[in-house]
Amino acid sequence: MKRRKFLASAGLAGTAGLMAGCGRQPETAAECAQNRAQEQFEWKMVTAWPRDFPGLGTGANHLAERIGQMSGGRLSVKVFGGNELVPPFEVFDAVQQGTAEMGHAAPYYWKGKIPAAQFFAGVPFGMTAQELNGWFYYGGGIDLWQETYAPFGVVPFPIGNSSGQMGGWFNKEINSLEDLKGLKMRIPGLGGEVLKRAGGTPQNIPGAEIFTALQTGTIDATEWVGPLNDQAYGLQQAAKYYYYPGWHETGTALEAIINQQALDALPEDLRQIVKYACQSANLDMLSEFMARNGESLAQLRESGVDIRAFPEDVLRELQRLTGEVLMDIVEDDPVSARVYESFTGFLNTVRDWSAISEKFILNLR
Ligand code: CA
């Protein structure tokens, strides 16, 4: 990492130091710590969203700000919107290659490269945001995620969660599974695989291109995120029906990905700051989505958008197809099999608790 620079006038001998990052000799442990504390690091964070985009972009900004504040400016992170440095779907490659030290995106964007990545974003008819966080922090989820990305020299952390998403925008009613046949729909990740199984044609295009694609008929339908983000792109002006629930994304985790070498080059205290700034930003983004989705939903309802639920039998069919799709992926890919086992194992330990606590109250409320 060339951007790592020393303020101290250190003649770096490059000899193997007694402590990571310390190379000058002779150097006491105290001198080493002092020298390391004077190092400054400048990182770039490439993102898959427009700069400052509500929830997603602002969440990336919060993460960068927090790292800067917590480190007293020793580690500064400059945020780039999609296409400012690299296109949205090249964020992973840019981080892997060291073009940027850090990225913010959604794990399922890399399913062509890492099929198992999709499971960390979430699974159709799967866990809620809160359940996913339980798995990440206390169920071995983060360790497994980091192990999955390790062969690529990239370290992931969960950064934010959109919470449950919406089912998407359609220009025709969805009354049966037949209505999904031949439908060209923007829907990424495992949900896209399920739509394909139902006879549709899933597409993945960056968020910023969705409105035009839908308006010009390049796609027939789309999902994006939820009221806050969908309204920000004006999708209500390009489609007639807004369906719920987001059966395909029940609480989608976003990720910060960090170049392993860049992370290793940091002194231990800065590595810890990055880790806990990520955890703080994870809560922050979920909270922002919770607060602002409600406001946007009210505005969409007031403006007369036709908001309706998928018929239950359509959802049950999609759930059945999800099971088939997951089994196929797991059979083909041992890494996905391990992640799936951990994911479903955790879900099975919290299922009953969620049912008699949150689910029960939500049904009554
Ligand atoms: Ca989505």
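The values are calculated or read from the model by the stated rules, or taken from the named source; none is laboratory data. The structure displayed is predicted, hence computed values, not measured ones. Don't worry about glycine lacking a Cβ; one is built from the backbone with ideal geometry, like all the others, and counts go over all protein chains shown.
Results, tabulated for the structure shown:
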item: Pairs with Cβ under 9 Å, 6+ apart, first in the range 294-311 and at positive phi, second among the aromatic types (Phe, Trp, Tyr); result: none
item: Some residue of the range 164-181 being among the polar types (S, T, N, Q) and outside any loop (DSSP other than H, G, I, E, B); result: no
item: Hits in the range 267-311 (condition: within 19 Å of the chain's Cα centre (by Cα) and aromatic (Phe, Trp, Tyr)); result: TYR276, PHE289
item: Number of the exception - GLY234 against (1) touching a Ser or Thr at 6+ places or on another chain (Cβ under 9 Å); (2) of a type outside the set (Ser, Thr, Tyr); (3) more than 30 Å from LEU321 (Cα to Cα); result: (1)
item: Subset of the range 211-240 (residues that are in contact with a Lys or Arg (Cβ under 6 Å, 6 or more places away or on another chain) and either under 21 Å from GLU317 (Cβ atoms) or without any contact (Cβ under 8 Å) to a residue 40 or more places away in the chain (or both)); result: ILE219, ASP220, THR222
item: Evaluation of TYR241 against (1) crowded, with 23+ Cβ neighbours inside 10 Å; (2) more than 16 Å from the ligand (Cβ to nearest atom) (one fails), failing number; result: (1)
item: Residue count for the range 159-183, restricted to those that are more than 16 Å from the ligand (Cβ to nearest atom) and not hydrophobic (A, V, I, L, M, F, W, C); result: 9
item: Pair list, Cβ under 6 Å, 6 or more apart: the range 143-162 residue over 25 Å from GLY246 (Cα atoms), other residue modelled with pLDDT of 95 or more and in a strand (DSSP E or B); result: GLN146/VAL155; TYR149/PRO156; VAL154/ILE257; VAL155/ILE258
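Every residue, every condition in (1) within 12 Å of the ligand (Cβ to nearest atom); (2) of a type in the set (A, V, I, L, M, F, W, C); (3) at pLDDT below 95, yes or no:
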{"site": "ALA208", "(1), (2), (3)": "no, yes, yes"}
{"site": "ILE219", "(1), (2), (3)": "no, yes, no"}
{"site": "TRP247", "(1), (2), (3)": "yes, yes, no"}
{"site": "GLY251", "(1), (2), (3)": "yes, no, no"}
{"site": "GLU255", "(1), (2), (3)": "no, no, no"}
